[in-house]
Amino acid sequence: MTTRNKSMFTIGKAGAAAMICALALLMGCEKQSADGPILIKFPHVTAPATPKGQAAERFKQVVDERLAGRVMVEVYPSAQLMSDDDSLDGLAFGEVQMIAISLSKLDRLTHKFQLFDLPFLFPDLQAVEKFQASDNGQELLTSIVDRKILGLSFWHNGMKQFGGPKPMRTPEAAAGLKFRIMESDVLQAQILQIGGNPQKMAFGEVYQALQTGAVDAQENTWSNIYSSKFYEVQAHVTETNHGYLGYLVAVNPDFWNALPDDIRVELTAIVQEVSAWANEQSAGINLAGKEKIIASGRTELTELTPEERAVWQQAMRPVWEKFSDVIGADAIAAAEAVGQSAE
Ligand code: LMR
């Protein structure tokens, strides 16, 4: 069964389950709050010392302080509870109440977030932040409510780098390599565009795939490369900053709407405060990861000159045209314009 077929099957199952869950939630939620604290199970796949890990912990701490006895948050890092793919179904089923999933992985449900995967669209996190705060960005939060995913906020990780068996100063150096990518058709096209062989794979499998040679290369942020120890099993990282990795912080809308009003208002405020805090920390956490990787001496860093980076940019640009009908040329232009004005 192909990934796409499997996805269609699971979405159907999730859709039906979500309806059952909605009924259960509507009947059960008030009772839950009368009997004991409302439980928010929050699984994610990265280590605690990552931008997302820190943000999730902070969310738990602030909820503990401000909603003690009324709401309890359980954070499950490092894919302890489930993979990202399973967490989309878990949210729809009511098995978990909150997720922070990579925007790339929403591709299974909708093409609306594909924009974030376009290579070199956003020059840096400031540009992404400006776009996410714009009307176009904010509309995305509620754009997949019908799939039982209500976005509350965006969290950054950072910009992605290429890691592999050799320096990748030019796109030609990447040709022929097997790259692990997240489950996104834009990322797949991006790797094909440079003559690589893309392999969609869950985050939790990447270390072993690099170690055994099932893949040669991967793209990720400094903090993920450091905390998941990819630097132990890849000899080189080339600092391309070619794409964005960030998250949709989301809840099941039926769970959310069934919460007592005062709790929902307070949780909304907490999510906003924690998001602002987290998005200020992310660049520093990535920088620290980069420095620790260099200090380890296990991975060699290649920095690109502006001219080399421009060659990469040019080589990947056809990916924009490939997806412009689906994403919308206007949406791409709006994101690009926001990015340029943020520089
Ligand atoms: C990945 O799979 O590489 C990322 O989505 C991991 C993460 O959540 O940062």
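Read-outs: derived from the displayed coordinates by stated rules, not from any lab. What you see is a predicted model, and the numbers here were worked out from it, not measured in a lab. With ideal geometry, Cβ positions are generated from the backbone for all residues, glycine too; neighbour counts draw on all protein chains shown.
Quick notes on this structure:
- Residue (of Ser104, Leu67, Ala283) at the positive-pole extreme of the chain, dipole from beta-carbon charges: Ser104
- Euclidean distance between Cα centres, segment 172-236 to segment 272-298, Å: 20
- Amide proton proximity set for Ile38, modelled H, under 5 Å, gap of 5+: Val71, Met72
- For Ile144, the residues 5 or more places off, or on other chains, whose built amide H falls under 5 Å of its own are Gly151.
- Listed residues Thr46, Val206, Ala295: farthest to the positive end of the dipole of the chain (Cβ charges): Val206
- Taking 19 Å as the limit for the C-alpha separation, the pairs Lys52/Lys178; Lys105/Lys160; Lys148/Lys200; Lys160/Lys229 exceed it in the case of Lys52/Lys178; Lys148/Lys200.
- Put simply, when 144-150, 101-107 are sorted by average Cβ atoms within 10 angstrom per residue, most first, you get 101-107, 144-150.
- Note, ³J(HN,Hα) from phi for segment 171-180, Karplus 6.51, -1.76, 1.60, rounded to Hz, x at Gly and Pro: x, 4, 5, 8, 4, x, 7, 8, 9, 6
- Projecting the Cα atoms of Leu141, Phe113, Gln80 onto the charge dipole of the chain, computed from C-beta unit charges around the Cα centre, puts Gln80 farthest toward the positive end.
- Nonlocal amide H pairs with Met168, under 5 Å, H built at 1.01 Å: Thr238
- Normalised by the number of residues in segment 13-342, the mean separation of alpha-carbon contacts (under 8 Å, six or more apart) gives a relative contact order of 26 percent.
- Inter-label distance for Leu192 and Glu303, nm, one decimal - labels placed 7 Å from Cα along Cα-to-Cβ: 3.6
- Alpha-carbon geometry of the chain: the Rg and the Dmax are 19.9, 63 Å, given in that order.
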